[in-house]
Structure formats: C-alpha cells, structure tokens
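Structure first, commentary second.
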Amino acid sequence: MRDGFDVAGPLPGAGFGASATWREPGAAALVQAAERDPGALPSALAAANGLLLLPGMAGMVQAPELLLRLSQIFGTEVENYRQTGMEPHWVHPEVPEIFVVSNIPGVERQPPARPDPPLTAEGHLPVQFPHRLGWHTDQSYRRPPPDVSLFLAVRPVPRGQGQTLFADATAAHAALPAALKARIGGLEGLHVSSSAGRKRAAVLAGETPRVLAPHQRPQRQPVVRVHPVTGKPALYLCEYGQMDWLDGPFIGMQPGPHGDGAALLAELMAHLTQPRFVYVHEWTEGDLVVWDNRCTSHAATWFDAQALERVMWRTTVSGNPGAAYAGEAKSWLAQTP
Ligand SMILES: [Fe+2]
C-alpha cells in the first residue's frame, strides 16, 4: 500500500501483473488520488513487470476526460489521434486522445479470427504462438515507440470471449538459454504497420509491395530492450502482422518467411508466449488495464461479433523510450515541406 492505494499481485493464474484499488470507490476519486501522488501508479506498474489492473473505472464512460487525466500520470505525452491521422470514426468525439476499439456500426473494427483449432488439446484457450496469432507491442513500427497503453472496458463481451492476453517479456528474457540470450543481445528487428503490405500473409501471397512514404517505412528496434525505469532487459518483438517480412524480420539475417530470421522469430515468440509467462484477462465493465509496451506483449482474442457488441477505449502514452532513442524525431509524422 502506498498513500491509500492497495496493490496486490501477481494477477490470478499469472506470474506478473498487479491489481490496484483506491479506498474511495469511483474513477474520479482514483484519478484525484493518482494526481496527488503521481509516482504511485507508475511505480506499481514497474514493480508488476508492466501490467496493472484498475477495476471499477466505469465512471470514466460519462467523464472521458478522467481517462485522459489518468493517462497523463504515466508519461509526458498522450497521443492525440486527431492529430496523428487516425480514421475519424475511430476517435472519441470529445476527447481525441481516446481511440475507440469496437465492432459497433460506425466504428466497425472486427476482432481477430478464432485460433484453429479453437482450443488446445487440453481444452484451454490457446495462448502460445503460433497457435495463437496477433501478439504485438503497440506501435512498434514507430521510433521512438510509445511507453504505455491504457485500455478501458466500456462495454465488454461476456467471459470466455474477447479476452486480452499479456506476456511478461522481462521474465521471458530472463528464462532464455544463455546461448540464445547472447545471440540476440545486439540484434535488431524490423517492425512495420500491418497496413504497409509487408506482413507475412502479404509476402506469402506474393503481393506487390507498395511504395512507402518516409514516415510509413519499417523501423528497426532492439530485440532486447532495456527498460528505462527498471533497467531490466525484456524481449521486444511482434510476429506475423507487425514485422517486415520482406527485408526482415531481423536486420543482418536471411529475410523473408522461409529464412533464418523467420525461424529465429518463431523460436523467440513461442518462448515468450508460453503459458507460464502469460496472463489472460477476462474483462468486466469498468476494468482499466494499463500495460507497459516496453516490457510486455499482448494479443486480442476472438469474440462473436455477429451476436455481440464490444466497446473499448484506448489511450497511448509516450515520452520515456530510453537512451537509445534520445533526440530522435518522430518517424511516423509526415514531413511538411
Ligand atoms: Fe495492441
């Protein structure tokens, strides 16, 4: 407990993460407490290896500026999606720092496909790559990449669907065999937006790569990122949808879906997403989950979008990517002449 916050971890069934509650109920009370002691929640996030659950935040739905205020606790810059070219129907009409993730009419963002087969041989939700696909860390195709994401369950779907999976990339790095750790120590991955036409499926389908503007081009990122707050190394990787499968996935290795780089990526992703490093979050209305993109990966899961409507709000916080990015201009902003 620190100044009124109760922090309990790890999260159920996981080796990391924590849940934080404030003794006065409600979103407004929590945000005011967080602002009075702005180091408390970021410290709890760091101590929990980058995953923090704040339940009971449904009051933010009627007061969306509270989500912005809470986001500002976690870093110096909260992305304004209206300024960064997000499709207007994905941006909250009153608070443009909120990215609306939903399948409702007018937003139309569909969930990922169900894994094939939908359950593991033991009857569990698949979490491990490549049975589970879609593992990524947010906006890794940008330099500098963002620090922290906040995700609020405005209207979640019932338990058993529409979960979010989180992997502890710090613990996964620590558990790597020494030889593999040494092999990837100085390696860089090549990350790119899934919309750039360089994802694995596009390359396998033989699609003609489109010409990318400078601000859309793949960005290199260290495979092992040292966290600027904790000093701990963590795996920093995505997979089929957010690596460059033409020139990558790794710089200096054989490129493409059949190269040595692909084999190494598959090995690392299967390691990172082992059930022992993963937490499965089943959403309750008003849950707010904060994750640190510098030391976790996550994946969305399928839900029945024909029968169910899901509404989630996301904010993205940046400002402390680490010394390796010092002084860099934002790669994703189109240069104005
Ligand atoms: Fe994400």
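Structure above, values below:
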{"quantity": "Subset of the range 98-127 that is touching a residue at least 40 places away in the same chain (Cβ under 8 Å) and small (Gly, Ala, Ser) - its residue that is nearest to the ligand (Cβ to nearest atom)", "calculated": "SER102"}
{"quantity": "Subset of the range 128-159 that is basic (Lys, Arg) and more than 20 Å from ILE98 (Cβ to Cβ) - its residue that is nearest to the ligand (Cβ to nearest atom)", "calculated": "ARG132"}
{"quantity": "Subset of the range 317-336 that is out of contact with any helix residue (DSSP H, G or I) (no Cβ under 9 Å at 6 or more places or on another chain) and aliphatic (A, V, I, L, M) - its residue that is nearest to the ligand (Cβ to nearest atom)", "calculated": "ALA324"}
{"quantity": "Filter result for the condition that a residue is exposed (fewer than 14 other Cβ atoms within 10 Å of the Cβ), touching a residue at least 12 places away in the same chain (Cβ under 8 Å) and not hydrophobic (A, V, I, L, M, F, W, C), over ASP37, ASP6", "calculated": "ASP6"}
{"quantity": "Given (1) at pLDDT 95 or above; (2) more than 13 Å from the ligand (Cβ to nearest atom), index of the condition PHE166 fails", "calculated": "(2)"}
{"quantity": "Selection from the range 56-82 of residues that are polar (S, T, N, Q) and within 21 Å of the chain's Cα centre (by Cα)", "calculated": "SER71, GLN72, THR76, ASN80"}
{"quantity": "Only listed residue being without any contact (Cβ under 8 Å) to a residue 40 or more places away in the chain and either in a strand (DSSP E or B) or not acidic (Asp, Glu) (or both), chosen from PRO130, PRO93", "calculated": "PRO93"}
{"quantity": "Sole residue being farther than 23 Å from ALA324 by Cβ and exposed (fewer than 15 other Cβ atoms within 10 Å of the Cβ), chosen from ALA202, ALA178, ALA182", "calculated": "ALA178"}
{"quantity": "Criterion violated by MET86 - all others in (1) at pLDDT below 95; (2) loosely packed, with under 15 Cβ neighbours inside 10 Å; (3) under 22 Å from the mean Cα position of the chain (by Cα) satisfied", "calculated": "(2)"}
{"quantity": "Tally, over the range 292-316, of residues that are within 16 Å of the ligand (Cβ to nearest atom), out of contact with any helix residue (DSSP H, G or I) (no Cβ under 8 Å at 6 or more places or on another chain) and either free of Cβ contacts under 8 Å to residues at least 60 places away in the same chain or aromatic (Phe, Trp, Tyr) (or both)", "calculated": "2"}
{"quantity": "Residue that is nearest to the chain's Cα centre (by Cα) [pool: residues in the range 205-224 that are assigned to a loop (DSSP other than H, G, I, E, B) and of a type in the set (Val, Ile, Thr)]", "calculated": "VAL223"}
{"quantity": "Any hit, the range 203-215, residues being in contact (Cβ under 8 Å) with a residue 40 or more places away in the chain and under 30 Å from PRO42 (Cβ atoms)", "calculated": "yes"}
{"quantity": "Unmet requirement for ALA201, which otherwise passes all of (1) modelled with pLDDT of 95 or more; (2) under 18 Å from the mean Cα position of the chain (by Cα); (3) assigned to a helix (DSSP H, G or I)", "calculated": "(2)"}
{"quantity": "Matching residues, the range 75-84, being more than 10 Å from THR316 (Cβ to Cβ) and touching a residue at least 24 places away in the same chain (Cβ under 8 Å)", "calculated": "THR76"}
{"quantity": "Residues within the range 101-130 that are under 15 Å from VAL280 (Cα atoms), within 19 Å of the chain's Cα centre (by Cα) and not polar (S, T, N, Q), tallied", "calculated": "3"}
{"quantity": "Residue within the range 165-173 that is closer than 20 Å to THR137 by Cβ and of a type in the set (D, E, K, R) present", "calculated": "yes"}
{"quantity": "Any hit, the range 141-153, residues being assigned to a loop (DSSP other than H, G, I, E, B), of a type in the set (S, T, N, Q), at negative phi and surrounded by 13 or more Cβ atoms within 10 Å (Cβ to Cβ)", "calculated": "no"}
{"quantity": "Verdict on GLY189 being under 18 Å from PRO145 (Cβ atoms), surrounded by 13 or more Cβ atoms within 10 Å (Cβ to Cβ) and not acidic (Asp, Glu)", "calculated": "yes"}
{"quantity": "Residue match in the range 233-251 (condition: on the phi < 0 side of the Ramachandran plot, surrounded by fewer than 24 Cβ atoms within 10 Å (Cβ to Cβ) and assigned to a strand (DSSP E or B))", "calculated": "yes"}
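The values are calculated or read from the model by the stated rules, or taken from the named source; none is laboratory data. Not measured: the values here are computed from a predicted model. Positions of Cβ are generated from backbone atoms using ideal geometry, with glycine treated the same way; all protein chains shown enter the neighbour counts.
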